[in-house]
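The values are calculated or read from the model by the stated rules, or taken from the named source; none is laboratory data. These numbers were taken from a predicted model, which means no experiment stands behind them. All Cβ positions, glycine included, derive from the backbone under ideal geometry; neighbour counts span all protein chains shown.
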Amino acid sequence: MEKFLGEMKYFIELTANRLIDLPDTEKQLNKDPDNWSPIEILGHLVDSACNNHRRFILAQFKDDLVFDGYEQDKWTSSQNYYTEDWLSLVSLCPKDPLEKFYNLHIVHLCNQIPQNILELKRASHNLNEISWKKIDKNTPATLEYLITDYFGHLKHHIAQVFSMFDKDSTRV
Ligand code: NI
């Protein structure tokens, strides 16, 4: 887990710098009304970070992994991420894309969780509903899984953002 979190820290640092360099005009581009624009995807990652931050703490003080979900489309549309400024949104403080410092804090807090708690098998969970890659209700789940799933989700959406900029050769 320590090695994994080290890799995530590196990924966050690297990605934050790449996000700063994306061309301004394309960040709110949305050619497909059924899909989020880059800025909305990053807004969704803010929502994911705050929901999971809470879960990672609470999981240490109870036996199960049952948590509230959040309706991601409603969270995204109700905050109108689309009209928000790129740097101030993704950062929640200037020059902090990918909520860099928030995610670095999440890496830090995960590093504090004792191994026995990370690996504790929880019979009761709802990772069949709330995780990115779902786990069957009848298969015991661990907090370690929930944490790696969170970062997997983060990497998935970041790849999605960069692919939106790479599709067209006129974009960098
Ligand atoms: Ni998502």
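Scanning the range 104-133 for residues that are surrounded by 13 or more Cβ atoms within 10 Å (Cβ to Cβ) and farther than 20 Å from GLY152 by Cα yields ILE117, LEU120, ARG122. When LEU146, LEU120, LEU98 are checked against the criterion of being within 15 Å of the ligand (Cβ to nearest atom) and at pLDDT 95 or above, a single residue qualifies: LEU146. It is to be established whether one or more residues within the range 52-67 are at pLDDT below 90 and either surrounded by 13 or more Cβ atoms within 10 Å (Cβ to Cβ) or not aliphatic (A, V, I, L, M) (or both). Within the range 52-67 (the criterion being at pLDDT below 90 and either surrounded by 13 or more Cβ atoms within 10 Å (Cβ to Cβ) or not aliphatic (A, V, I, L, M) (or both)), the answer is no, since none of the residues qualifies.
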